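See structure below.
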Amino acid sequence: MTNWRPDPAQLRRPAYLSLAEQFARAIQEGKLSNGQRLPTHRHLADELGLSVQTVSRAYDALIRRGLISGEIGRGSFVQSQAKEPEPPYLPERLGELIDLSILKPVCEQLHLQKMRGAFGWLAENLPSSSALSFRPHMAFPRHRSVAAEWLARCGLQISPLNISLTNGATSAMTVALMSVAPPGSTIATEAVSHHTLVPLSTYLGIHLEGLPIDQDGMVPEALDEACRKGVIRAIFLQPSVINPTATLMSEARRAALAEVARRHDIAIIENDILGPLVDAGLKPVAAFAPERTLYITSFTKITVPGLRIGYLAAPDRYVAAVANRHLVSNWMATPAIAEIATHWVSDGTASELVDWQRRALAARHAIAADALGNLDYRSHPQGLHIWLPLPEGHTEEGFVSQARLRGVAIAPGSSFRTSDLGWRPAVRISLGSTSEQELGQGLGIVASLALGSPEALLLAI
């Protein structure tokens, strides 16, 4: 068991992924035991005739998959009893803590009244197909037509036949990944991406390749190089503000990435859950490559959190795959919630709530600007959060811990990291998860920490 070594004859391009996969299989098959120390980067590189950088990237990939752990000064160790990743937000709000860790829209009594009214309407208008049908195609034909109207507001023209209703964006992400990337394949994404993408890819047996980003999002040249060096099956993008760094990708960059995807014949998964909330007038990536893009949007972050329904629009080549994988993983979206979403889109309530959210977020961003002053942070007026790179000397763990000690919960940036390329410690701060008063207080505490000394406080015991 302790003498197992990777076989250099089985290495394929990209070598680091192939090497990581050999280790993953060995751990799964028990050839490497939990807690076993692995060879040093340099020793294994010399043994296999690889560069140290290649081995380091393989070890990093295994760390991100939770299969090994790296300890500074001690080495790398097998972690076959994988630790489940912790979410960046608090699972529940504790005591008097100001929770700025979970990404939520701004909600007031209005939203509860709207939802209660919707259920009252549903009690009088629930069609038999939504209550009694097991067949998605019997339950949702009208809903798909209304969904096509909503997607047109998002800048996407698509047939109702190409739209699936899902129980929110996470369900749509799962189905989209399963539809374009079989187990063992590789998906490229931004170096800072969706926090559920890393564990979800692990559960599905998909490799993630985090690519460099700049002020405009994923770098097209980096995607082109990754496609030429290895077998990339698809890219996962969040071009419109919902990405952790609050970047609004330009149309030129969207078109450039679509062109790279077309050149290498890879799929695109576009996560656009803010949809029409972002009124920049930019076309979605799907508009530049409609033949290969699976487009996701939902209502949870822009209307009411309890309206857990989303739309997954797929090109003809993926419609059957999407339908089959949605069937086996979810069967179909919850019909009663779909009825409310369709009703709200049809009678204008959804648009009304989106407009309300946009105004509420403008007020929240004004509070953030006042509280954070000249700190170097990233945001967008219609975004639900801000991204705060930490000043020199601060560590994420220390900063988040100090904020918690002072009564504020924020999300560590490393929860969204898919690559170490150009990484700088940061935190994500939600603007909609609490009252305006608490938001101002919490941001004031964050600002004082950022402007103060990074030295940790000593606790009296």
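The values are calculated or read from the model by the stated rules, or taken from the named source; none is laboratory data. It should be emphasised that the depicted structure is a prediction, and the values quoted were computed from it without experimental measurement. What goes into the accessible areas is simple: the full protein's heavy atoms, side chains included, and nothing from ligands, DNA or RNA. Shrake-Rupley method; radii C 1.70, N 1.55, O 1.52, S 1.80 Å.
Some observations on this one:
- Heavy atoms of residue 186: accessible area, 1.4 Å probe, square angstrom to 10: 10 Å²
- Cα gyration tensor category, rounded, prolate or oblate, for the chain with a/c compared to 1.5: oblate
- Span-like helix criteria (full DSSP H runs; alpha carbon extent of at least 27 Å along the helix axis; mean Kyte-Doolittle hydropathy of at least 1.6) are satisfied in the chain by no helix.
- Heavy atoms of residue 332 accessible to a 1.4 Å probe, total area in Å² rounded to 10: 30 Å²
- Solvent exposure of the range 270-333, expressed per residue, is 33 Å² of accessible area, with all protein chains present and a 1.4 angstrom probe.
- Proximal lysines relative to residue 31, as straight alpha-carbon distance under 22 Å, when same-chain residues fewer than 8 apart are discounted: 83
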